[in-house]
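Taking it in order: structure first as structure tokens, then the write-up.
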Amino acid sequence: MEIYVIRHGETDFNVRKLMLSRQDVSLNKTGEEQVKEAATKLKDIHFDMIISSPLKRTLQTSMGINKVREEELELVLDARLMERDAGALSGKSLDLKLFSDYWSIKKNKKIENGERIGDFLFRVYSFLEEIKIKYKDKKILIVTHNGVCRAINACVKGIEKIEDIKDLGQKNCEIKVFNI
């Protein structure tokens, strides 16, 4: 099964390098332009559907991509595609050490009021396993967040081979293709 994974367009949190997590913020002007560019790149690729995180920035990205298509795609929302819950770190600037610890599978640190990396990876893995069965003959566009992009990349590469996933992310509106 082939899936295309795109990270949402830029937000002001991204510009300020703050941990965005589950805050439901909109795209900024640059993010809107990134979506238009991505939509143009994707408009002639046949997809059977879009599966998106339900947060505002991913919905704006999904709808922007759908808007330029000759025929609008079915849009399915799935909460398992929401960003990792950063708990007490939400909205905070992260130093390099803290950022490394946050994405370390090996350390699996508990974040105050947040989601452990192991639980997060299991959530994304369960999503991938379900769509492999449910949509096995379909080509799907997944619109999500950087952490989920990291997790999908790790799941495809084999989680058991990876100690941390901090370097497996995607830029805003970057598109990656995976065979799962």
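Against the conditions (1) free of Cβ contacts under 8 Å to residues at least 60 places away in the same chain; (2) within 15 Å of residue 147 (Cβ to Cβ); (3) open to solvent by 40 Å² or more (accessible area, probe 1.4 Å), residue 101 satisfies every one except (3).
Against the conditions (1) within 22 Å of residue 174 (Cβ to Cβ); (2) hydroxyl-bearing (Ser, Thr, Tyr); (3) open to solvent by 10 Å² or more (accessible area, probe 1.4 Å); (4) at pLDDT 95 or above, where does residue 135 fall short? Just the number, please. Single failed check for residue 135: (1).
Here's the yes/no breakdown for (1) over 13 Å from residue 141 (Cβ atoms); (2) open to solvent by 70 Å² or more (accessible area, probe 1.4 Å); (3) among the acidic types (Asp, Glu):
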site	(1), (2), (3)
50	no, no, no
55	yes, no, no
59	yes, no, no
63	no, yes, no
67	yes, yes, no
72	no, yes, yes
82	yes, no, no
90	yes, no, no
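The rows are residues; the columns are (1) at pLDDT below 90; (2) under 24 Å from residue 49 (Cβ atoms).
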{"site": "96", "(1), (2)": "yes, no"}
{"site": "99", "(1), (2)": "yes, no"}
{"site": "110", "(1), (2)": "yes, no"}
{"site": "114", "(1), (2)": "no, no"}
{"site": "123", "(1), (2)": "no, yes"}
{"site": "127", "(1), (2)": "no, yes"}
{"site": "130", "(1), (2)": "no, yes"}
{"site": "153", "(1), (2)": "no, yes"}
{"site": "161", "(1), (2)": "yes, no"}
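For first residues located in region 158-172 and over 15 Å from residue 103 (Cβ atoms), partners that are small (Gly, Ala, Ser) and not in a strand (DSSP E or B) and lie 6+ apart or on another chain with Cβ distances below 7 Å form the pairs 172/9; 172/31.
Residue 86 fulfils the conditions (1) open to solvent by 20 Å² or more (accessible area, probe 1.4 Å); (2) hydrophobic (A, V, I, L, M, F, W, C); (3) out of contact with any strand residue (DSSP E or B) (no Cβ under 9 Å at 6 or more places or on another chain) except for a single criterion, (1). What pairs come up if the first residue lies in region 66-85 and is free of Cβ contacts under 8 Å to residues at least 12 places away in the same chain, the second is in a loop (DSSP other than H, G, I, E, B), and their beta carbons are under 7 Å apart, counting only those six or more places apart or on different chains? Listed by first residue and then by second, the contacts come to nothing, as the list is empty.
The values are calculated or read from the model by the stated rules, or taken from the named source; none is laboratory data. From a predicted model like this one, the values you see are computed outputs, not experimental measurements. Cβ sites come from the backbone with ideal geometry, for glycine too, and all protein chains shown count toward neighbours. Side chains included, ligands, DNA and RNA excluded: accessible areas come from the protein's heavy atoms. Shrake-Rupley method; radii C 1.70, N 1.55, O 1.52, S 1.80 Å.
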